[in-house]
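First comes the structure, then the notes that go with it.
The values are calculated or read from the model by the stated rules, or taken from the named source; none is laboratory data. Keep in mind the model is a prediction, meaning the values are calculated, not measured. So basically every Cβ, Gly included, is an ideal-geometry build from the backbone, and we count neighbours across all protein chains shown. Just so you know, the surface numbers come from the protein's heavy atoms only, side chains and all, with ligands and any DNA or RNA stripped out. Shrake-Rupley method; radii C 1.70, N 1.55, O 1.52, S 1.80 Å.
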Amino acid sequence: MMTNQRANDRFQRLIAAVRQGDQQAITILHDDYCKHVMAVVRRTLMGAIRSKYDSHDFSQVVWMALFSAPEKLDGIKNPSQLTALLTAIARNKVNDENRRQTQTQKNSVFRETSFMTDGGRELAITSNDPTPSQFAIANETMAQCEASLSSAYQRILGMKIDGWTYHAIAGELGINERTVRRVLQRLEKGIH
């Protein structure tokens, strides 16, 4: 009976020290219960999101939740109550992420597509963006075209390329919007 009482007294001193922020007590508590927290996290984490998260990340979140609010330890009298508290925190944290990753349209892992085909070959991923060489050729062609243009035409073309509207270009240069449109149409047709 005496050993049971000693163990309970040791546990109560440990919890009291953790509540006071004693780093050594926090380390001891973590070391004594980290395997339990990891087991709960691994049991609760859905298979569909295991590839996105490491169990250790969730474990750290559980410990952070406990140690950043030591009042959660109020009323904890024995190891089984602490185990129940850690289990509840771990399940809640993991279940929140399970729901977020599976029940919301924005984050749903079920909307993800594999880059592999059934035969194990990689799918070709294409883009509508120009390749680096196409971009370089376009820049060179543009530079050659600009060199043959008057400075007024160069300025209008440059502003349009930078995303200015016809109205904004006209206002900035102090010309009519129709003039801007006409200049850009002539450049498009190759007449300058």
Subject >> Wholly within the range 145-192, helices (runs of 4 or more DSSP H) carrying at least 1 residues that are acidic (D, E) and free of Cβ contacts under 8 Å to residues at least 12 places away in the same chain >> reply: 177-189
**OP:** Mind listing whichever residues of the range 139-192 are surrounded by fewer than 12 Cβ atoms within 10 Å (Cβ to Cβ) and of a type in the set (S, T, Y)?
**Re:** T141, S148, S150, S151
Original post:
Within the range 36-48, how many residues are of a type outside the set (A, V, I, L, M, F, W, C), closer than 21 Å to A88 by Cβ and open to solvent by 40 Å² or more (accessible area, probe 1.4 Å)?
Top reply: 3
Original post:
What is the residue count in the range 1-30 for residues that are open to solvent by less than 70 Å² (accessible area, probe 1.4 Å), over 13 Å from L66 (Cα atoms) and either in contact (Cβ under 8 Å) with a residue 60 or more places away in the chain or not in a helix (DSSP H, G or I) (or both)?
Top reply: 4
Original post:
Would you say Y33 is within 23 Å of the chain's Cα centre (by Cα), surrounded by 14 or more Cβ atoms within 10 Å (Cβ to Cβ) and hydroxyl-bearing (S, T, Y)?
Top reply: no
Original post:
So which residues in the range 49-63 are open to solvent by 60 Å² or more (accessible area, probe 1.4 Å) and assigned to a helix (DSSP H, G or I)?
Top reply: H56, D57, Q60
**OP:** Specify which of the listed residues (E122, E188) is farther than 30 Å from S51 by Cα and either at pLDDT 85 or above or of a type outside the set (A, V, I, L, M) (or both).
**Re:** E188
